[in-house]
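*Asks:* Structure provided below as structure tokens; questions to follow.
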Amino acid sequence: MQEVLLALLAGLIVGFVFAFIKLPIPAPPALPGIMGIFGIYFGYKLFQWVSQFMG
């Protein structure tokens, strides 16, 4: 849980700094970006699950 909170804090700080110096946000559009992150995570977990049965 601590990792999640630290990641959130780091994201908030980076977002604030980028807005402060008037740079575009360093992330893809909100919903597609979030779905891409979920897809990567679940794809990784799916590979781990499948590899347990194959090896």
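The values are calculated or read from the model by the stated rules, or taken from the named source; none is laboratory data. As the structure is a computational prediction, the values presented were derived from the model and not from experiment. Note: ideal-geometry Cβ built from the backbone for every residue, glycine included; neighbour counts use all protein chains shown.
*Asks:* Give just the number: which of (1) among the basic types (Lys, Arg); (2) in a loop (DSSP other than H, G, I, E, B); (3) surrounded by 10 or more Cβ atoms within 10 Å (Cβ to Cβ) does LYS22 not satisfy?
*Replies:* Condition (3) is where LYS22 drops out.
*Asks:* In the stretch 25-37, what residues are among the aliphatic types (A, V, I, L, M) and surrounded by fewer than 10 Cβ atoms within 10 Å (Cβ to Cβ)?
*Replies:* ALA30, LEU31, listed by residue number.
*Asks:* Is it the case that VAL50 is touching a Leu at 6+ places or on another chain (Cβ under 9 Å), free of Cβ contacts under 8 Å to residues at least 12 places away in the same chain, of a type in the set (Val, Ile, Thr) and surrounded by 10 or more Cβ atoms within 10 Å (Cβ to Cβ)?
*Replies:* No, not satisfied.
*Asks:* While we're on this one: Only one of these conditions is not met by ALA30: (1) in contact with a Pro (Cβ under 9 Å, 6 or more places away or on another chain); (2) aliphatic (A, V, I, L, M); (3) at pLDDT below 85. Which number is it?
*Replies:* (1)
*Asks:* Do we have ILE40 as at pLDDT 90 or above, under 13 Å from the mean Cα position of the chain (by Cα), of a type outside the set (Gly, Ala, Ser) and surrounded by 10 or more Cβ atoms within 10 Å (Cβ to Cβ) here?
*Replies:* Yes: the conditions hold for ILE40.
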